[in-house]
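The values are calculated or read from the model by the stated rules, or taken from the named source; none is laboratory data. Owing to the predicted nature of the structure, the values given are computational and were not obtained by experimental measurement. Neighbour counts are summed over all protein chains in view; Cβ atoms, including those assigned to glycine, are modelled from backbone coordinates with ideal geometry. For the accessible areas, the whole protein counts, side chains as well, though only heavy atoms, and no ligand, DNA or RNA atoms are used. Shrake-Rupley method; radii C 1.70, N 1.55, O 1.52, S 1.80 Å.
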Amino acid sequence: MKRLHTNQICTMTELREPQKVLDRAGGKPVAIMKNSRCVGYLVPEEGSLQGEPRYATMDEVMAAVEATREQAQPVLEYLKDK
């Protein structure tokens with residue numbers, strides 16, 4: 001048994017009217033089922049990534065490290081002699 005990556009489903013027959021399927025999904029991905037098996041996913045535009053993902057700058061990484069240093073310090077001390 002495979003796990004579906006969404007709780008919205010539709011059948012191949014329902015895809016005859018895809019706009020109704022998309023409206024019912026409310027912007028979430030829809031699993032397309034055929035003979036009780038998932039054959040694909042229909043992802044509405046609002047359910048996809050908005051814009052391209054970007055890399056964090058070195059300044060952002062260093063700021064995150066400094067922000068969590070106090071919390072991570074006991075772990076770092078423990079790992080020094082390992």
Checklist outcome for this item: In nanometres, the difference between 0.36 nm per residue of separation and the alpha-carbon distance of Ser36 and Gln71 is 7.8 nm
Item to check | Cross-link reach list, aspartates and glutamates versus Lys20, counting only Cα pairs under 18 Å and skipping chain neighbours closer than eight places | outcome: Glu45, Glu46
Item to check | Counting DSSP beta bridges with both ends in the chain, the antiparallel % (nearest 5) | outcome: 60 percent
Checklist entry - Which of the following values of semi-axes √(5λ) of the Cα gyration tensor in Å was calculated from the structure shown: [x] 45, 19, 9; [y] 30, 15, 10; [z] 47, 12, 8? => result [x]
Checklist entry - What are the residues whose amide H is under 5 Å from the amide H of Ile9, where those residues sit 5 or more places off or on another chain and H is modelled from the backbone? => result Ala31
Checklist entry - Taking the simple approach of a point 7 Å from Cα along Cα-to-Cβ for both Ala64 and Asp23, what is their distance in nm? => result 4.1 nm
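What does the accessible area per residue of segment 1-64 come to in Å², with a 1.4 Å probe and no ligands, DNA or RNA counted?
Result: 87 Å² of accessible area for each residue.
Defining a contact as two alpha carbons under 8 Å apart and six or more residues distant in sequence, what relative contact order in percent does the chain show? Walk me through the numbers before you get to the answer.
Numbers: 62 pairs, mean separation 17.0, N = 82.
The normalised contact order for the chain reaches 21 percent.
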